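Report on one structure; see the data block that follows.
The values are calculated or read from the model by the stated rules, or taken from the named source; none is laboratory data. Nothing here was measured: the structure is a model prediction, and the numbers come from that model. Cβ: placed from backbone, ideal geometry, glycine included. Neighbour counts: every protein chain shown. When the accessible area is computed, the model is the full protein with side chains, heavy atoms only, and any ligands, DNA or RNA have been set aside. Shrake-Rupley method; radii C 1.70, N 1.55, O 1.52, S 1.80 Å.
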Amino acid sequence: MTKPCPPQSTSESDDEQAQDPREREEQARNLCLRLLTVRARTRAELTERLTKRGYPDDVSERVLDRLTTVGLVDDQDFAHQWVRSRHVNAGKGKRALAAELRTKGVDDDVIAEALTDVDADAERVRAEQLVADKLRRERLDDPADDTRVTRRLVGMLARRGYSPSMALDVVKVALAGERERRRV
């Protein structure tokens, strides 16, 4: 009969405790630099990764303070880049962008400031582009298709963080325009 293995201890092993604190800090810094090489990250994301690896809070704080001082960790810049990229490339609305940034550990004040880059007109224009792209591929042979298409397109916009009222308005206008275009 096999004995069950006890869960791994989250406390530091004897070897890690005996390590030189400067060496431990160097390892934490190297981990952060590797993570930042892949993509920009928030301070909260890096703190979480360091904690998961078992680095003490004081080591994490020193390493992250140094990376912040040299400009490699900047939550405000991260939030602005995230909003710009996700709005343009993924077509995300303000609500979805705010939710994504919250999961990344960005403060609400920083989120609010970053979302000022996306005004209501830009958000509507992006929603119209998304609907137009999807609407071209829809079949509109039967007037009964309108309900199905409207429901699908409004749902698509809602999942991307657009308000339901704006989504419905954008879809109705685009659907009427597409029907008119196909008649000609």
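DSSP loop (so not H, G, I, E, B), at most 12 other Cβ within 10 Å: list which trypsin sites (Lys or Arg not before Pro) in segment 37-144 pass both filters.
Working: sites: 39, 41, 43, 49, 52, 53, 62, 66, 84, 86, 92, 94, 95, 102, 104, 124, 126, 134, 136, 137, 139; in loops: 39, 41, 53, 92, 104, 136, 137, 139.
Filter output for segment 37-144: 39, 53, 136, 137, 139.
If I model a spin label at residue 90 and residue 39 as a point 7 Å from the Cα along the Cα→Cβ vector, what separation in nanometres do I get?
Inter-label distance under the simple model: 0.7 nm.
Which number gives the lysine pairs in the chain that have C-alpha atoms under 22 Å apart and are eight or more places apart or on different chains?
Pairs that pass both the separation and distance tests number 8.
Please compute the length gained on full extension between residue 65 and residue 30, using 0.36 nm multiplied by the number of residues separating them and subtracting their Cα-Cα distance.
Numbers: separation 35, 0.36 × 35 = 12.60 nm, distance 1.43 nm.
Residue separation times 0.36 nm, minus the Cα-Cα distance, leaves 11.2 nm.
How much of the accessible area of the chain, in percent, comes from carbon and sulfur atoms when a 1.4 Å probe is used? Don't skip to the answer; put the middle values down first.
Details: 5970 of 11840 Å².
Here carbon and sulfur together make up 50 percent of the probe-accessible area.
Counting pairs of alpha carbon atoms under 8 Å apart in space and at least six apart in sequence, what relative contact order in percent does segment 30-184 give?
Numbers: 126 pairs, mean separation 33.3, N = 155.
In percent, rounded to a whole number, it is 21.
Using the alpha-carbon centroid of each, what span in Å lies between segment 90-114 and segment 140-169?
Cα centroid to Cα centroid, the span is 24 Å.
Testing the spin-label approximation: label points 7 Å from Cα along Cα→Cβ at residue 147 and residue 112. State their distance in nm.
Using points 7 Å along Cα→Cβ, the separation is 4.3 nm.
Roll a 1.4 Å probe over the protein chains and send me the accessible area per residue for segment 136-178 in Å².
On the way: 2530 Å² over 43 residues.
So segment 136-178 comes to 59 Å² accessible per residue, rounded to a whole number.
Rank these by accessible area, largest first, 1.4 Å probe: 75, 107. Present the calculation step by step, with values, prior to reporting the outcome.
Numbers: 75 40, 107 105 Å².
Largest to smallest exposure gives the sequence 107, 75.
Calculate the dipole size of the chain relative to its Cα centre from +1 charges on Lys and Arg beta carbons and -1 charges on Asp and Glu beta carbons; express the result in debye to the nearest 20. All intermediate terms of the calculation are to be shown ahead of the outcome.
Numbers: 36 positive and 36 negative charges, 283 e Å.
Dipole of the chain, to the nearest 20 debye: 1360 debye.
For helix 75-89, report the angle its Cα long axis makes with the longest principal axis of the Cα atoms of the chain; keep it between 0 and 90° and round to the nearest 10°.
30 degrees
Specify which residue in the list 173, 125, 149 is farthest towards the positive end of the charge dipole of segment 117-184, using unit charges on the beta carbon of Lys, Arg (+1) and Asp, Glu (-1), about the Cα centre.
149
With r defined as the distance between the Cβ atoms of residue 119 and residue 20 and R0 fixed at 35 Å, what FRET efficiency is calculated, to the nearest 0.05?
Working: r = 53 Å, r/R0 = 1.50.
The formula returns an efficiency of 0.10 here.
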